[in-house]
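FYI, it's all coordinate maths here, none of it is from the lab. Model, not experiment: these values are computed from the prediction. Quick reminder, even Gly has a Cβ in these numbers, built from the backbone with ideal geometry, and neighbours come from all protein chains shown.
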Amino acid sequence: MNERRRKAGFIEEKRINMGLTQKEFAIYLDMKGNGERTVRGWEKGEHEPSESKWKKILGLPDKAPFRRSNEKTFKFIDRNEITK
């Protein structure tokens with residue numbers, strides 16, 4: 001399996017395990033505008049994330065830290081508030 005396909009599978013698996021849509025994943029990665037489309041392209045193996053985005057993806061938790069297992073809807077939180 002080539003490197004691009006391996007990364008594509010990893011990104012999709014990471015996003016799904018975190019319980020996020022492509023749009024939510026893009027927002028979580030601080031992507032603007034076409035972020036959802038970019039994530040879709042990564043997952044299809046059309047292109048790869050930049051080195052900085054790849055490092056950020058590798059550092060993401062396996063499960064979304066802000067999701068409760070009984071919640072059915074996504075809820076954004078302010079990451080800055082957590083560290084205060």
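List of remarks:
- Kirkwood-Stokes translational diffusion coefficient of the stretch 1-57, alpha-carbon pairs, 4 °C, 1.567 mPa s, µm²/s: 117 µm²/s
- Qualifying chymotrypsin sites (Phe, Trp or Tyr not before Pro) for the stretch 7-54 [loop in DSSP, other Cβ within 10 Å: at most 11]: none
- Summing charges over neighbours of Arg40, with a neighbour being any other residue whose Cβ is under 10 Å away from its Cβ, gives -1 when K and R count +1 and D and E count -1.
- Residues Thr21, Thr38, arranged from fewest to most other Cβ atoms within 10 angstrom of their Cβ, appear as Thr21, Thr38.
- Within-15-Å neighbourhood charge of Pro49 [Cβ basis; K, R +1; D, E -1]: +4
- Counting charges near Gly9 (Lys, Arg +1; Asp, Glu -1) among other residues having Cβ under 12 Å from its Cβ returns a value of +3.
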